[in-house]
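Structure first, then comments.
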Amino acid sequence: MIDENGAQLGIMKREEAQRIADYRNLDLVQISPGANPPVCKILNYGKFRFDMLKKEKEAKKAQKVIEVKEVQLSQTIDIGDLNTKARKAIEFLQDGNKVKISLRMFGRQLAHADISIQVINNFYEKIKEYGVLEKTPTQEGRSITVMVNPITKK
């Protein structure tokens with residue numbers, strides 16, 4: 001058993017530990033019930049709970065949620081539009097988000113999937129300083145998709 005100041009009081013029965021906690025107007029809390037014998041601590045449970053919630057809230061604020069942003073291209077995209085979409089993808093990567101590049105083909109474009117892959121490769125050449133490809137572009141039905149991960153700064 002441990003008291004509110006961190007001093008060890010030794011091994012004792014639960015009833016005796018509860019009596020000491022009641023005498024000090026504090027709570028008896030089991031810290032590690034799996035230990036043999038179980039470890040208990042005398043403390044103010046309301047304050048303990050408040051501090052735990054506060055720590056969890058701070059940890060939640062500190063973590064960064066990675067989102068997947070999508071940039072859609074077409075086989076007939078012009079260089080100006082390609083540059084605009086590349087600037088937007090660079091912004092997403094600099095914010096630490098993944099970017100999904102997708103290109104959907106229609107009609108006769110399906111017969112020329114190699115042109116679509118070339119468009120995606122040209123797009124990646126513009127943003128490769130800010131991101132890394134997960135894998136090479138793959139065709140799935142009418143669309144070709146590829147994921148780009150941001151480059152982490154150390």
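The values are calculated or read from the model by the stated rules, or taken from the named source; none is laboratory data. Predicted model only: the values in this text are computed from it and were never measured. When we count neighbours, we look across all protein chains shown, and the Cβ atoms used for this are built from the backbone with ideal geometry, even at glycine.
Worth a mention:
- Unique residue being within 29 Å of the chain's Cα centre (by Cα) and modelled with pLDDT of 90 or more when the list is E140, E129: E129
- Reported count of residues in the range 4-36, each being over 38 Å from the mean Cα position of the chain (by Cα) and of a type in the set (D, E), is 3.
- Residue within the range 37-54 that is part of a loop (DSSP other than H, G, I, E, B) and over 37 Å from the mean Cα position of the chain (by Cα) present: yes
- Residue list for the range 65-82, restricted to those being more than 28 Å from the chain's Cα centre (by Cα) and either surrounded by fewer than 12 Cβ atoms within 10 Å (Cβ to Cβ) or farther than 26 Å from D114 by Cβ (or both): T76, D78, I79, G80
- Residues of the range 7-32 classified as closer than 14 Å to N44 by Cβ and assigned to a loop (DSSP other than H, G, I, E, B), total: 3
- Of the residues examined, A7 is one that is hydrophobic (A, V, I, L, M, F, W, C), more than 30 Å from N122 (Cα to Cα), out of contact with any Lys or Arg (no Cβ under 8 Å at 6 or more places or on another chain) and exposed (fewer than 13 other Cβ atoms within 10 Å of the Cβ).
- Looking only at residues in the range 121-153 that are of a type in the set (S, T, N, Q) and part of a strand (DSSP E or B), the one that is nearest to D95 (Cα to Cα) is N149.
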